[in-house]
1. Looking at GLU255, is it charged (D, E, K, R), at negative phi and either assigned to a helix (DSSP H, G or I) or surrounded by 17 or more Cβ atoms within 10 Å (Cβ to Cβ) (or both)?
2. Could you tell me whether any residue of segment 209-230 is without any contact (Cβ under 8 Å) to a residue 24 or more places away in the chain, surrounded by fewer than 19 Cβ atoms within 10 Å (Cβ to Cβ) and in contact with a helix residue (DSSP H, G or I) (Cβ under 6 Å, 6 or more places away or on another chain)?
3. Pull out all pairs, ordered by first then second residue, where Cβ-Cβ is under 6 Å, the residues are six or more apart or on different chains, the first lies in segment 79-102 and is over 21 Å from LEU69 (Cα atoms), and the second is among the aromatic types (Phe, Trp, Tyr) and modelled with pLDDT of 95 or more.
4. Looking at segment 240-252 only, could you name the residues that are on the phi < 0 side of the Ramachandran plot and either part of a helix (DSSP H, G or I) or surrounded by 19 or more Cβ atoms within 10 Å (Cβ to Cβ) (or both)?
5. Within segment 25-46, track down each residue that is surrounded by 12 or more Cβ atoms within 10 Å (Cβ to Cβ) and not in a loop (DSSP other than H, G, I, E, B).
6. Just need a number here: residues in segment 61-81 that are surrounded by 16 or more Cβ atoms within 10 Å (Cβ to Cβ) and part of a loop (DSSP other than H, G, I, E, B).
7. Please work out if ALA63 is of a type in the set (A, V, I, L, M, F, W, C), touching a helix residue (DSSP H, G or I) at 6+ places or on another chain (Cβ under 7 Å), closer than 23 Å to CYS138 by Cα and without any contact (Cβ under 8 Å) to a residue 60 or more places away in the chain.
8. Filter segment 47-60 down to the residues that are free of Cβ contacts under 8 Å to residues at least 24 places away in the same chain and either part of a helix (DSSP H, G or I) or of a type in the set (Phe, Trp, Tyr) (or both), then identify the one that is farthest from PRO115 (Cα to Cα).
Amino acid sequence: MLHVTGLREDGYHTLESLAAFADIGDTVTIREATEFSFEIKGPQAQGFSAKERDPSPHSSNLAVRAAWLVARDFQKNLHVAITLEKDLPLAAGLGGGTADAAAIVWGLMEFWRVPKTPDIATRLMGDLGADFPVCFTCQPSWMGGAGEKIDLVDLPEIPVLLVNPLQSCPTRDVFLHRAGGYSAPLVPEQKAKMFNQVDLLSFLRQSRNDLTDSAVSLVPEIENILNALERKTGCLLARMSGSGATCFGLFDTPENAVSARDAIKQENPDWWVRTGMLNRPERY
């Protein structure tokens, strides 16, 4: 869920969001080399511009900047070759670019055998974005403020289906087109009952994603995806992820999630569709 609760003086919105991670994502490979290089491969690689492929510290790619920043932070030579196998769509509301950056920081710390102290995420947050710490931690979390305030939470594993129309939905544009007021902050008691699937779904059905209407105005296909998910057998909840355009369905069984995946792919071959388990990230 994602509630927009206000607007700060610096222009950033304050949020209240429940974030979780799945075993669906990109793959980052780090190898020893005589100098730094960065290569993008995979089914979504064609979406990157020349500036995003630039391996220099001035690259517009968050993952590349993360590599240079962590090397500077630990005073290490960046003698590695990094390959990004890109499967997640770009500008998809999945935090993919930030998660790739977090994976590179984590992987380089493993490579250099330096301790992963909690303050590393805070130190890099100013350069890599407010949602970098939650991606670095890679655990289900409440996010507050502009995304920088994190409280870990225990959540059950749930079969999940992700669907994206392969249409870009930039976060900045979604916020600019957002209309209406702000959501009231949740009280602590509302955040406490998340430990089993019944309580989690009960809470989620009373919450929402405040950015959905704005995203639909930019990418109308989002509404078709939500309708397609809701019609599938075993779908417990269908909702947009982040700022869109990806939507997710939570399912009662993995079998029903796979069946829904196959049906949606057949009905809409031009959509990106993946299934897996929420709260079971395949990391490192």
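1. Values: charged (D, E, K, R): yes; at negative phi: yes; either assigned to a helix (DSSP H, G or I) or surrounded by 17 or more Cβ atoms within 10 Å (Cβ to Cβ) (or both): yes.
So GLU255 passes the test.
2. Scanning segment 209-230, I find at least one residue that is without any contact (Cβ under 8 Å) to a residue 24 or more places away in the chain, surrounded by fewer than 19 Cβ atoms within 10 Å (Cβ to Cβ) and in contact with a helix residue (DSSP H, G or I) (Cβ under 6 Å, 6 or more places away or on another chain), so the answer is yes.
3. PRO89/TRP272
4. As a first pass, look at segment 240-252 and keep what is on the phi < 0 side of the Ramachandran plot: 240-241, 243, 245-252.
Across segment 240-252, the qualifying residues are MET240, SER241, SER243, ALA245, THR246, CYS247, PHE248, GLY249, LEU250, PHE251.
5. Just the residues of segment 25-46 that are surrounded by 12 or more Cβ atoms within 10 Å (Cβ to Cβ), to begin with: 25-30, 33, 36-45.
Across segment 25-46, the qualifying residues are THR27, VAL28, THR29, ILE30, SER37, PHE38, GLU39, ILE40, LYS41, ALA45.
6. 2
7. Numbers: of a type in the set (A, V, I, L, M, F, W, C): yes; touching a helix residue (DSSP H, G or I) at 6+ places or on another chain (Cβ under 7 Å): yes; closer than 23 Å to CYS138 by Cα: yes; without any contact (Cβ under 8 Å) to a residue 60 or more places away in the chain: yes.
Taking the combined requirement at face value, the residue satisfies it.
8. The first filter runs over segment 47-60 and keeps only residues free of Cβ contacts under 8 Å to residues at least 24 places away in the same chain, leaving 49-60.
Next, only the ones that are either part of a helix (DSSP H, G or I) or of a type in the set (Phe, Trp, Tyr) (or both) stay: 50-53.
Working: ALA50: 34, LYS51: 32, GLU52: 29, ARG53: 29 Å.
By that ranking, first place goes to ALA50.
The values are calculated or read from the model by the stated rules, or taken from the named source; none is laboratory data. The structure presented is a predicted model; accordingly, all values stated were derived computationally and were not measured. Virtual Cβ from ideal backbone geometry, glycine too; neighbours counted across all protein chains shown.
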